[in-house]
Every structure is written in structure tokens, then in C-alpha cells.
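One structure is given below, encoded as C-alpha cells.
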Amino acid sequence: MVAIAGATIAELVEPRTILEPMLARLAAERQEADRLADLRSTLEPPSMEHWSYLKNAHGFHIAIANSSGNRVLDLVSVALHEIFVERIHGALYPAEERERIHEDHAAIAAAIFSGDGQLAEALMRRHMDEFAKYVGQRHAALLEEVINWA
């Protein structure tokens, strides 16, 4: 049981950095139009107001998981994302970083829409690696917290 193992937030971040690039590749390769429409809707220029930005950024990652065409991978990825978002309450990226993150999301989505799975995977891997590095540098104490599964 994960709760008994004392899983940490760091252990939650690691599988996201592994899964999300693969999901981006699958979304690009499978091109499921109805699901890609959901992804497209997350790319509207967001208000940089905290909660609006968080909703778009959160929706982007969920839409890619949904676009993978694999319900099990989708479920696992979304669950990991939800647990992490619940813990951080959207307080990770300062306002000055939000436009850059939105640009990263737009580039990943463009690769997905063009059907370039290799590029989508590479861009998402870079994005998630930067995310993990950022969390480690700015929120090191958060990574050591044990997840409360209650």
C-alpha cells in the first residue's frame, strides 16, 4: 500500500515526468479529434490572474492525458496530477513565469496537432524536467513531505 510506504511528493513528481512525455507522443500519434478539441480549448490566451492561469495549466495536462487514447494511462496520469495539484494549491509558479509556461504548452500542443509524436514527447519531457527541477529548487521541503492519502 502506497500510504503505508510513506510516499513523498518527490515520488509523485517522478512518475509524472515519465508518463506525460509518453502521453504527449500518443496524443500526437492517435489524433483523436474530439479529445484534441479539449486540448485546443486550454490554449486560449489565459488571464495571468492566479486561478484562471491555474485552471488553464491544469486543463492542459489533463487534456493531453485524455488525448492519449489509453484510459488506464489517462487515469493514472490524471490521478497523479490531481494529488499534486491538491497539495500545492497552485502556488508553484510566480506570475512572471506564467507566460513562458503558456508558451511551452502552446509548442507542445502544436507538435501534437501536427502529428509529430517525437517532437511532442521531447518538448513535454523538457517541460516536465524543468518543472521537476524548479520544484526541487524552489520548494525542496515540499518534495520531502509524505502524501496524506486520507
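The values are calculated or read from the model by the stated rules, or taken from the named source; none is laboratory data. These numbers come from a predicted model, not from an experiment. Note that each Cβ is placed from the backbone with ideal geometry, even for glycine, and that neighbours are counted across all protein chains shown. Ligands, DNA and RNA are stripped out before the accessible areas are found, and what is left, the full protein with its side chains, is counted by its heavy atoms. Shrake-Rupley method; radii C 1.70, N 1.55, O 1.52, S 1.80 Å.
Descriptive notes on the structure:
- To the nearest 10, the accessible area of residue 78 is 30 Å² with a 1.4 Å probe.
- Rounded to 10°, Cα long-axis angle of helix 117-138 versus longest principal axis of the chain: 30 degrees
- Charged-residue dipole, Cβ positions (Lys, Arg, Asp, Glu), the chain about Cα centre, Debye nearest 20: 120 debye
- For the stretch 107-150, the direction-averaged projected area of the alpha-carbon convex hull comes to 4.5 nm².
- On Cα atoms only, tilt of 9-30 relative to the major axis of the chain in degrees: 10 degrees
- Normalised contact order of the stretch 20-150, rounded percent, pairs of Cα under 8 Å and 6 or more residues apart: 38 percent
- Loop-resident GluC sites (Glu not before Pro) (DSSP state other than H, G, I, E or B) in the stretch 115-150 with no more than 16 further Cβ atoms inside 10 Å of their Cβ: 145.
- Protein-only accessible surface order, largest first, of 35, 16 at 1.4 Å: 35, 16
- Taking amide H as placed 1.01 Å from N in the peptide plane, residue 8 has its amide H under 5 Å from the amide H of 147, each at least 5 places away in sequence or on another chain.
- Within the stretch 1-81, GluC sites (Glu not before Pro) in DSSP loop having at most 12 other beta-carbon neighbours inside 10 Å: 49
- Cα-derived Rg over Rh, computed across the chain with Rh taken as Kirkwood radius: 0.96
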